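The values are calculated or read from the model by the stated rules, or taken from the named source; none is laboratory data. These numbers come from a predicted model, not from an experiment. With ideal geometry, Cβ positions are generated from the backbone for all residues, glycine too; neighbour counts draw on all protein chains shown. Quick note on the areas: whole protein, heavy atoms, side chains included, nothing else; ligands and nucleic acids left out. Shrake-Rupley method; radii C 1.70, N 1.55, O 1.52, S 1.80 Å.
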Amino acid sequence: GNINRYLYTALLARWVGVEYLGIYSLANAIMLIGEVIAKMGLETGIMRFISRLELKTEKSQIQKIIQSSLKMTVIFSIVIAILLFGFAWVLVRIFNGPPLLYIAIIVFAFTIPFNAVTLVSAFATQGFKLLKYKVFTTQFLNPTVLLLGMLISYWFISKESAIILPMVVTGVLGSITMFWILKNISGIKLTEALSAPFDRTLLAYSIPLMLVSILQTFMHWMDVLMLGYFTDVTVVGLYHPAARTAGLLQALLVSFISIYAPLMSQLHSKGDFREMSHLYKLVSRWLITFSVPISLVFMLYPKKVMLLFGHDYMDSASVLVLLTIATFIQTALGAAGPILSMSGYTRLVLWNSLGAFILNLVLNIILIPRFGIIGAAWATLISMGMIGLARIIEVKFILGLSFFSNHLYKPLLAGIVTWFCIMSI
């Protein structure tokens, strides 16, 4: 999935240029923020609630949860899409964008209901401890359709359509596929979902997680949004490839967390803290082991990596180094976050995200006017480091689970030795 998305970004950067890539990046950031609000945190809530039930004996209760979640998702996402339609021109003025940005925001807003249904349905299948369906749709089908759609649009229509049309096709096809899969697994019916009542218990649990997701999404895209506000779409276009490259490390975190989170929820419901501690340390060690070599490549050869996007993006090499360090910290310490949310400490997770969001916002306001894209990268690095440390400290003091183990030092030592060997050569 990440290979296809990376190819999509690299080819788009080479073919449409820095300005159009900046337009795509801003419209995509706005769409993803709207998408998070539309989901209302229901994707995490539905995964947690389903993972605690048995399909054979509690099938009816599971169906009610899924139907209610889908109905709420559709209603909320349509409202958000309508609001974006109405305020698109305001956003264009805020980000000093050309007319094409207005069109991109309108079209991307149309895809929000489809993307929201796709993700909530995917997390529902994950609640059954089945990853293959979510992986197939979100990591194979959608990225492949996105890439192919961009190639066809660019070759046969125009470069403007290459940054807009693929998103629509991907959203519609992904939502149909994922809903059909969920229907076969759970036995739900579309007509029953439309008439299902709101599950207030699920919504009460999910809303704090929605706020967390909003803050995390804002923080992830804050540098892009703030660069758009303080500079222009061209600078955003220079920043996006470096952020996309460093973001490849997040694939490791998502891969492990996808099954790690529902397992932690199940273990916590049983009170098995010993197994939770073992799994926490094991996943943390794996995350560090796999992320060290990738991080070394990005940090030692940033200019060569940025050449994949073209010579116009060489100035972003130093940004790639800083963002790689930030993403490495996020990945290495990432196993602590799901423990807090799956253990029911959703308000604490919210306060963590709020603190990191405010810190990131303040740093961007201070650093971007003075240092440009380098300032945005430093703001991300500092805020990522702070929230990562906060989470592992809280897990230690609240649940008594330690991040450190004797096996943790092996991949770190291997990375340090490799670093010095390559630098000396």
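Consider only pairs whose beta carbons are under 8 Å apart and that are at least six residues apart or on different chains; among these, list those whose first residue lies in the range 48-72 and is farther than 20 Å from Glu35 by Cβ and open to solvent by less than 30 Å² (accessible area, probe 1.4 Å) and whose second residue is modelled with pLDDT of 75 or more and among the hydroxyl-bearing types (Ser, Thr, Tyr).
From residues that are farther than 20 Å from Glu35 by Cβ and open to solvent by less than 30 Å² (accessible area, probe 1.4 Å), the pairs are Ser51/Ser265; Ile62/Ser186.
Residues in the range 366-390 that are among the β-branched types (Val, Ile, Thr) and within 13 Å of Thr231 (Cβ to Cβ): how many?
Within the range 366-390, residues that are among the β-branched types (Val, Ile, Thr) and within 13 Å of Thr231 (Cβ to Cβ) number 3.
Criterion first (in contact with a His (Cβ under 7 Å, 6 or more places away or on another chain), open to solvent by 50 Å² or more (accessible area, probe 1.4 Å) and not aromatic (Phe, Trp, Tyr)) does Arg274 satisfy it? If you could, list the steps in order and put the result at the bottom.
Working: in contact with a His (Cβ under 7 Å, 6 or more places away or on another chain): no; open to solvent by 50 Å² or more (accessible area, probe 1.4 Å): yes; not aromatic (Phe, Trp, Tyr): yes.
No.
Is it the case that the range 349-369 has a residue that's on the phi < 0 side of the Ramachandran plot, in contact with a Pro (Cβ under 6 Å, 6 or more places away or on another chain), surrounded by 14 or more Cβ atoms within 10 Å (Cβ to Cβ) and in a helix (DSSP H, G or I)?
yes
Within the range 142-149, can one find any residue that is among the β-branched types (Val, Ile, Thr), under 24 Å from Gln67 (Cβ atoms) and in a helix (DSSP H, G or I)?
No: the range 142-149 contains no residue that is among the β-branched types (Val, Ile, Thr), under 24 Å from Gln67 (Cβ atoms) and in a helix (DSSP H, G or I).
Go over the candidates Ala109, Ala124 one by one and state the one that is open to solvent by less than 40 Å² (accessible area, probe 1.4 Å) and either over 29 Å from Arg14 (Cβ atoms) or touching a Ser or Thr at 6+ places or on another chain (Cβ under 7 Å) (or both). Step through it out loud before you land on a result.
Values: Ala109 fails: either over 29 Å from Arg14 (Cβ atoms) or touching a Ser or Thr at 6+ places or on another chain (Cβ under 7 Å) (or both).
Result: Ala124 is the single residue among Ala109, Ala124 that is open to solvent by less than 40 Å² (accessible area, probe 1.4 Å) and either over 29 Å from Arg14 (Cβ atoms) or touching a Ser or Thr at 6+ places or on another chain (Cβ under 7 Å) (or both).
Scan the range 212-237 for residues that are closer than 16 Å to Thr9 by Cα and open to solvent by 40 Å² or more (accessible area, probe 1.4 Å) and jot them down.
Scanning the range 212-237 gives a single hit, Thr234.
Only one residue in Met178, Met167, Met150 is hydrophobic (A, V, I, L, M, F, W, C), touching a Pro at 6+ places or on another chain (Cβ under 7 Å) and in contact (Cβ under 8 Å) with a residue 12 or more places away in the chain, so which one is that?
None of the others qualify; the one that does is Met150.
Take Ile339 and tell me if it is buried (at least 23 other Cβ atoms within 10 Å of the Cβ) and modelled with pLDDT under 90.
Considered against the rule, which asks whether it is buried (at least 23 other Cβ atoms within 10 Å of the Cβ) and modelled with pLDDT under 90, Ile339 comes out as yes.
Identify, please: which residue in the range 387-407 is surrounded by fewer than 16 Cβ atoms within 10 Å (Cβ to Cβ) and part of a helix (DSSP H, G or I) and is, among those, farthest from the chain's Cα centre (by Cα)?
Of everything passing the filter in the range 387-407, Asn406 is farthest from the chain's Cα centre (by Cα).
When you look at Tyr24, is it among the hydroxyl-bearing types (Ser, Thr, Tyr) and within 19 Å of Thr111 (Cβ to Cβ), yes or no?
Details: among the hydroxyl-bearing types (Ser, Thr, Tyr): yes; within 19 Å of Thr111 (Cβ to Cβ): yes.
So Tyr24 passes the test.
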